[in-house]
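Below is one structure; the comments refer to it alone.
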Ligand code: ADP
Ligand code: MG
């Protein structure tokens, strides 16, 4: 094994099922040893197809996939040494939990004594030590999914692929399992490629996230980079909440773009992917980065705003303003004693820093 190579490399990979439409258009991704990389995107954007090509269940139409620097296009699935977990668990219903876990070891001709030892270790790892003799139908959804995770790890694969593994679980269980999988990733030093359409799940678990749309990776970066510095309007909208103001670029000055909103207000923003005067742009502003009644000169962008609605959320007040022509401008105001200026129907000044206002493609 050459350790300088990424564990996984997708190089100019394309996929068409019908010979006409490319459902994966030009996929390039390196996954390093020990990374947790998530493919995040709407349904139908090509995430599962990419995992299937890596696992060997679908051929790539064009391009190359490498494992440890070696092309695997012609290596059959069971020789790739990759563990997999699917959304529907895919446990064998007629087998006990222990038999399910032993199956991948039997396929690999591992002897009975070692099988038993590994099965017991795997059951303990997912805290199901007493459940080896049950059948899948006698387990809860969360327990079945823990068996599926244990089964994917039983032959010590270096790489595990997980395709929406928690999609069928309710919210509490899903959050608990997110931490369990993350913990296994860290304690076992695994490399994980994970698929989800749930952005919170992706942000919680991943070292890096590849944001998919329509067969194309829009951006691949760390969770904080995606949130703080999205490359384009699709990523800004897909990751986290944002307010959007439409406008036209009036001037470009170094890092900044001066934008005239369609309401006629002038906003100084950070230039992301606009380049010239006259271009249409979407300004993106996160609801937690807005100041209420900012002190003089604190924010270069300050506007009079009408309070439309206050919704109590305990730790913060979700406040809807009408400002710069947007009647649905959301601000998360921390719940503190100095919020008395916020009264529905009254005007206050609100403002934001240029670095918190991104000028993205219109
Ligand atoms: P995702 O996992 O992001 O929801 P998929 O990779 O499953 O997306 O699907 C991408 C596109 O490929 C979709 O338009 C889907 O209908 C199509 N597709 C997926 N699998 C097949 C298949 N086996 N045969 C034909 N079309 C498929
Ligand atoms: Mg899918």
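Here, each number is a calculation from the coordinates, and none is a lab measurement. Here the structure is a predicted model, which means the values were calculated and not measured. Note: ideal-geometry Cβ built from the backbone for every residue, glycine included; neighbour counts use all protein chains shown.
Given the options 41, 142, 254, state which has the largest fluctuation in a GNM of the chain using a 10 Å cut-off (strictly under) for Cα springs.
Comparing 41, 142, 254 in a Gaussian network model of the chain, the most mobile one is 254.
With a bin width of 5 angstrom, please list the P(r) values of the range 18-58 as percents of all Cα-Cα pairs, from the 0 bin to the one holding the largest distance.
Spelled out per bin, shortest first, that is 5, 18, 26, 32, 13, 5, 2, 0.
Give me the percent relative contact order of the chain, please, defined on Cα pairs under 8 angstrom at least 6 residues apart.
15
Can you tell me the relative contact order of the range 241-361? Whole percent, Cα pairs under 8 Å, sequence separation 6 or more.
Relative CO of the range 241-361 lands at 32 percent.
Express as a percent, rounded to the nearest 5, the fraction of DSSP beta bridges in the range 8-233 (both residues included) that run antiparallel.
Of those bridges, close to 50 percent are antiparallel.
Which whole-number percent of Cα pairs in the range 241-361 have a distance greater than 17 Å?
Tail fraction, whole percent: 53.
Helix 171-188 versus the longest principal axis of the chain: what is the Cα-based angle in degrees, 0 to 90, to the nearest 10?
Taking Cα atoms only, the helix is inclined about 60 degrees.
Given 0.36 nm per residue, what is the gain on full extension from residue 251 to residue 94 after removing their alpha carbon distance, in nm?
The span from residue 251 to residue 94 would gain 49.7 nm if fully extended.
Pick out which of 324, 220, 50 has the largest mean-square fluctuation in a Gaussian network model of the chain, springs linking Cα atoms closer than 10 Å.
Result for the chain, Cα springs under 10 Å: 324 fluctuates most.
Which values of log₁₀ I(q)/I(0), to two decimal places, follow from the Debye formula for the range 162-263 at q = 0.11, 0.14, 0.15 Å⁻¹ with a uniform point scatterer at every Cα?
Those come out to -0.46, -0.66, -0.73, one per q.
Enumerate the whole-percent occupancy of each 5 Å bin, from 0 to the last occupied one, for all C-alpha pair distances of the range 8-233.
Whole-percent P(r) values from 0 Å outward: 1, 7, 14, 18, 19, 16, 12, 7, 4, 1, 0, 0.
So for the range 155-211, what are the equivalent ellipsoid semi-axes in whole Å, largest first, each being the square root of 5 times an eigenvalue of the Cα gyration tensor?
The equivalent ellipsoid of the range 155-211 has semi-axes of 18, 13, 11 Å.
In what order do 118, 146 fall by count of nearby beta-carbon atoms within 10 Å, going from fewest to most?
If I rank by nearby Cβ atoms, fewest first, I get 118, 146.
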